[in-house]
Amino acid sequence: MIILSAQEIAHYRSELSDDEMALRALDMIEDCEGDLEDAAIALGLQVGQEPDRSDQWLDGIAKRWRVFLCQTGIKEQLQSNTVANAVALLSQETSLPSLLATPVVLYVVKTGVEEFCRPLQEKI
């Protein structure tokens, strides 16, 4: 379970202040007491997704966008904890509903970008 503190939510709210959907997602995260998974499920339901399980659903969604999130440029921004551009690109250049872009990006940052992207670097 990944929990964002009130200070982290405030930091991201400041960084994402120009993105209405990101702010709505942060409101939901705040309403869920910082629980990223609970917020992602609630947001998923709002956009017509049907979460099939209550644990690891966000992990599954994030893994679907791993190749996009781990490409050069976006990965470096995430490693420096700069999320605004990654959220914008994920919501604009993919079919992921905009409301889910923020929790997906925050999930990657909080779980560790290197760890999240490692499977793409492994040889088969």
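FYI, it's all coordinate maths here, none of it is from the lab. No experiment lies behind these values; they were computed from the predicted model shown. All Cβ positions, glycine included, derive from the backbone under ideal geometry; neighbour counts span all protein chains shown.
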Exercise. Please turn the phi angles of the stretch 42-48 into ³J(HN,Hα) values with the Karplus equation 6.51 cos²θ - 1.76 cosθ + 1.60 (θ = phi - 60°), one per residue in order, whole Hz, x for glycine and proline.
Key: 4, 5, x, 4, 5, 9, x
Practice problem: Per residue of the stretch 95-106, in order, report the coupling 6.51 cos²θ - 1.76 cosθ + 1.60 (Karplus, θ = phi - 60°) as ³J(HN,Hα) in whole Hz, putting x for Gly and Pro. | Solution: 8, 5, x, 3, 5, 8, 4, 5, x, 5, 5, 5
Practice problem: Using packing as a proxy for protection, rank 96-104, 6-14, 62-70 so that the peptide with the highest average count of other Cβ atoms within 10 Å comes first. | Solution: 96-104, 62-70, 6-14
Quiz item: Between ARG24 and ASN81, how many nm apart are label points set 7 Å from Cα along the C-beta direction?
Solution: 2.8
Quiz item: Can you list residues whose amide H is under 5 Å from ASP35's amide H, if they're 5+ apart or on another chain and H is modeled 1.01 Å from N?
Solution: LEU4
Self-check item: Estimated [θ] at 222 nm from DSSP helical runs (n ≥ 4, -39500 (n - 2.57)) normalised by residues in the chain, nearest 500
Solution: -19500 deg cm²/dmol
Practice problem: Can you tell me how much longer the chain between GLU50 and MET1 gets when fully stretched, taken as 0.36 nm per residue apart minus their C-alpha distance, in nm with one decimal? | Solution: 15.7 nm
Quiz item: Which value, in debye to the nearest 20, describes the size of the charge dipole of the stretch 1-96 about its Cα centre when Lys and Arg Cβ atoms bear +1, Asp and Glu Cβ atoms bear -1, and nothing else is charged?
Solution: 460
Quiz prompt | Projected label distance in nm at ARG66 and ALA10, using a 7 Å step from Cα toward the beta-carbon | solution = 3.6
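How much FRET efficiency would the formula 1/(1 + (r/R0)^6) give for ASP31 and SER95, where r is the Cβ-Cβ distance and R0 is 30 Å, rounded to 0.05?
Rounded to the nearest 0.05, the efficiency is 0.70.
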